[in-house]
Amino acid sequence: ILGFEWSAIPAISLLRAIRNVSFVLSIHSLERQRSNLTDGLSRYIEETELGGLREARLVLCQDASTADVARRCVPECADRIELMSPMTMIQDFRFMLDPGEVKKRFQIGPTDPTLLFVGDLSEGYGPDLVMKAMPELLRKNKQLRCIFIGDGDLLWPLRVQSRYQLLDYAVRLAGHLDG
């Protein structure tokens with residue numbers, strides 16, 4: 001955005017600076033639904049989300065409870081909130097699966113914490129950013145494993161990056177999977 005790196009500018013300042021630029025905010029959940037807002041990072045995320053709710057021309061909510069929380073937190077955005085239908089056909093998924101058995105298919109231990117990326121392996125969805133974050137995540141939790149499920153133009157570059165960063169022990173690139 002405007003040649004600046006996100007980390008160089010606080011997000012709330014950026015939102016204030018672009019007041020005359022119309023943008024749409026799409027949210028699946030809000031920080032106050034995900035955490036108890038006790039640490040500084042959590043409060044910063046919430047402040048950024050609330051700024052986005054105030055400034056967005058349109059707010060797309062993927063979940064009715066998120067829309068309700070947004071209306072309570074920022075009443076002035078209530079008339080700009082649109083509830084979206086689910087993007088995934090949830091009825092197509094089986095819920096009575098043993099997580100340990102599923103992890104075993106990917107040569108991951110049953111109690112290993114696992115980050116799952118499902119989607120297009122293209123720049124727009126950020127699998128490259130997840131891969132770049134893996135060394136730091138592994139420094140904080142050596143047992144962490146990551147599974148990438150999907151296909152796209154970044155599949156082979158991600159394989160190369162995993163090998164180059166010596167992450168093959170922790171990263172699984174499954175490609176496209178049906179069912």
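Filtered by the rule that a residue be among the β-branched types (Val, Ile, Thr) and either open to solvent by less than 30 Å² (accessible area, probe 1.4 Å) or on the phi > 0 side of the Ramachandran plot (or both), the range 129-148 gives a lone residue, Ile147. Considering only residues in the range 102-128 that are modelled with pLDDT under 90 and part of a helix (DSSP H, G or I), the one that is surrounded by the fewest Cβ atoms within 10 Å (Cβ to Cβ) turns out to be Gly124. Would you mind stating whether Ser65 is surrounded by 10 or more Cβ atoms within 10 Å (Cβ to Cβ), within 25 Å of Asn141 (Cβ to Cβ) and within 19 Å of the chain's Cα centre (by Cα)? The answer is no for Ser65. If you go through the range 149-169 and keep only what is open to solvent by less than 60 Å² (accessible area, probe 1.4 Å) and among the β-branched types (Val, Ile, Thr), you end up with just Ile149. Does Leu30 satisfy the condition of being under 15 Å from the mean Cα position of the chain (by Cα) and closer than 19 Å to Met84 by Cβ? When the stated conditions are applied, Leu30 passes them. Would you point out the residue of the range 38-59, among those that are open to solvent by 40 Å² or more (accessible area, probe 1.4 Å) and of a type in the set (A, V, I, L, M), that is nearest to Ser85 (Cα to Cα)? Among those that are open to solvent by 40 Å² or more (accessible area, probe 1.4 Å) and of a type in the set (A, V, I, L, M), it is Leu58.
Per the listing Asp151, Asp79, Asp68, the residue uniquely in contact with a strand residue (DSSP E or B) (Cβ under 7 Å, 6 or more places away or on another chain) and modelled with pLDDT of 90 or more is Asp151. Screening the range 128-167 for residues that are farther than 21 Å from Val102 by Cα and among the charged types (D, E, K, R) and picking the one that is nearest to the chain's Cα centre (by Cα) gives Asp128. All of (1) farther than 26 Å from Glu31 by Cα; (2) part of a loop (DSSP other than H, G, I, E, B) hold for Val160 with one exception: (2).
The values are calculated or read from the model by the stated rules, or taken from the named source; none is laboratory data. Bear in mind the structure is a predicted one, so any value in this text is a computation, not a measurement. Methodologically, a virtual Cβ is constructed for each residue, glycine included, from the backbone with ideal geometry; neighbour enumeration extends over all protein chains shown. Protein only, heavy atoms only, side chains kept; ligands, DNA and RNA dropped before computing areas. Shrake-Rupley method; radii C 1.70, N 1.55, O 1.52, S 1.80 Å.
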